[in-house]
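Novice: Got a structure here, written out as structure tokens. Questions coming.
The values are calculated or read from the model by the stated rules, or taken from the named source; none is laboratory data. Being a predicted model, the structure only gives us computed values, none of them experimental. Cβ: placed from backbone, ideal geometry, glycine included. Neighbour counts: every protein chain shown. Only protein heavy atoms, including side chains, enter the accessible area calculation; ligands, DNA and RNA are left aside. Shrake-Rupley method; radii C 1.70, N 1.55, O 1.52, S 1.80 Å.
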Amino acid sequence: YGKGKFDYEFIDPNSNIVRAQNAKITRDATLVFMMGDSQEQVTYISEQEFTSALLRLSNPGKRVVYFLGGHGEPSLKNEGDTSLYQLSVALQGKNYTVNSLNLLSDHKIPEDALALVVVDPQKALTAEEVDLIKTYLDNGGGLVYLSEPPFLSQTPNQSNPLDDYLKNTWGIEQQNNIIIDPGVNPPIVTYSKSYGQHSITNKLSSYAVFFPTAHSVSAAAEKPENITLTPLVFTSENTWGETNVNSIDQGVAFDQQTDLPGPVSVAVAANDQKSDAKIVVIGDSDFARDKLFAQYGNSDFIVNSIDWAAKQDNLLNLTPKNQTTRDRKSTRLNSSHIPLS
């Protein structure tokens, strides 16, 4: 089926010990992909492992992304429903080096950082940290920010320097609401209905992205100079952004005086045409955590966002994934943020 684009052979490691040693084979049933002087091994035969090996082989070189820590962010190294372990593994499968970064102690963003990823900090970033991020972006860096509705944070009434910076400098506005979808049980879960025209989402049209406890993220009506703003994801017309969050447990209904009518924007991408800095802000973090990472188009959306922010456009839409099918109508969740039972 390769039509001459590759050659293959079977090697018996017992009768051809030298060839096996040269290929660094240490166990039976090992598959070795070779291109020039480089090689990648697969010891578990699956489409996901094949794709990861081919991506690493065809995209050599060091590429590093950093995940911000120090504010109660989810774990990268420990598997669990609320962790980011699967996201970390998927990025490593595309030849990224994934590191943690604590700006409170390190006081700088490393020069090799292709992108900085900030996921649901439980404490607001300090003004000093935001200044470091600003300098990094002024020099053409990339930022992916996954935020939760402000009322779910531990400091809902305190100022947030990162949110203020994104609004005032980049024109990315995050609203204090939670998106309600009356057609889903529980109604604080929502799905993507349509996508904006952008390289992050142009191959996602056949997949929905699944968001629990999301809030709206929108582009300012008057964009700052040199900034291109693109809404990425929209919910259905039947949804809305509920501002009376204290009434959720008692039932909610759309209030045209105070609520944001659907379709609601959940994510925005921004590009500074002068510095080539890139930002993606998404109004939910649960969709990228281990429990939901493999569902629908979730993994593609978050990894595409990081690829784009890191200026690795050649890797877009090439994320290896296991296919997982879910019954949308019967979805029930136990959120780490608020009780849903």
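Novice: Quick one: which of Asp286, Asp300, Asp290, Asp276 is farther than 19 Å from Ala220 by Cα and modelled with pLDDT under 95?
Specialist: Result: Asp300 is the single residue among Asp286, Asp300, Asp290, Asp276 that is farther than 19 Å from Ala220 by Cα and modelled with pLDDT under 95.
Novice: Could you please find all residues in region 40-57 being open to solvent by 60 Å² or more (accessible area, probe 1.4 Å) and either closer than 18 Å to Lys5 by Cβ or touching a Cys at 6+ places or on another chain (Cβ under 8 Å) (or both)?
Specialist: Glu47, Phe50, Leu54
Novice: Restricted to region 199-234, and to residues that are under 24 Å from Asp272 (Cα atoms) and small (Gly, Ala, Ser), which residue is surrounded by the most Cβ atoms within 10 Å (Cβ to Cβ)?
Specialist: Ser216
Novice: Another question about this same structure. When you go through Asp300, Asp313, Asp284, Asp276 one by one, which is the residue that is buried (at least 24 other Cβ atoms within 10 Å of the Cβ) and of a type outside the set (Phe, Trp, Tyr)?
Specialist: Within the list Asp300, Asp313, Asp284, Asp276, the selection yields Asp284.
Novice: Would you please list the contacts, defined by Cβ atoms under 9 Å and residues six or more apart or on different chains, that run from a residue in region 243-267 that is modelled with pLDDT of 90 or more to a residue that is buried (at least 16 other Cβ atoms within 10 Å of the Cβ) and of a type in the set (Lys, Arg)?
Specialist: Gly262/Lys193; Pro263/Lys193
Novice: Further question: Please state which one of Pro186, Pro182, Pro156 is at pLDDT below 95 and open to solvent by less than 40 Å² (accessible area, probe 1.4 Å).
Specialist: Pro186
Novice: Another question about this same structure. Gln122: closer than 27 Å to Val42 by Cα, under 20 Å from the mean Cα position of the chain (by Cα) and at pLDDT below 95, yes or no?
Specialist: Against the criterion (closer than 27 Å to Val42 by Cα, under 20 Å from the mean Cα position of the chain (by Cα) and at pLDDT below 95), Gln122 does not qualify.
Novice: Please identify the pairs in which a residue from region 78-102 that is over 10 Å from Lys291 (Cα atoms) and open to solvent by less than 30 Å² (accessible area, probe 1.4 Å) has its Cβ atom under 6 Å from the Cβ atom of a residue that is β-branched (Val, Ile, Thr) and assigned to a loop (DSSP other than H, G, I, E, B), counting only partners at least 6 apart or on another chain.
Specialist: Sorted first by the residue in region 78-102, then by its partner, the pairs are Ala90/Thr319.
Novice: Assuming Glu237 fulfils every condition listed in (1) buried (at least 19 other Cβ atoms within 10 Å of the Cβ); (2) farther than 28 Å from Tyr136 by Cα; (3) of a type in the set (Asp, Glu) apart from one, which condition is it?
Specialist: Result: Glu237 fails condition (1) only.
Novice: Condition first: hydrophobic (A, V, I, L, M, F, W, C) and part of a loop (DSSP other than H, G, I, E, B). Now tell me which residues in region 89-113 satisfy that.
Specialist: Selection gives Ile109 alone.
Novice: Go over the candidates Leu84, Leu68, Leu54, Leu104 one by one and state the one that is touching a strand residue (DSSP E or B) at 6+ places or on another chain (Cβ under 6 Å) and not β-branched (Val, Ile, Thr).
Specialist: Leu68
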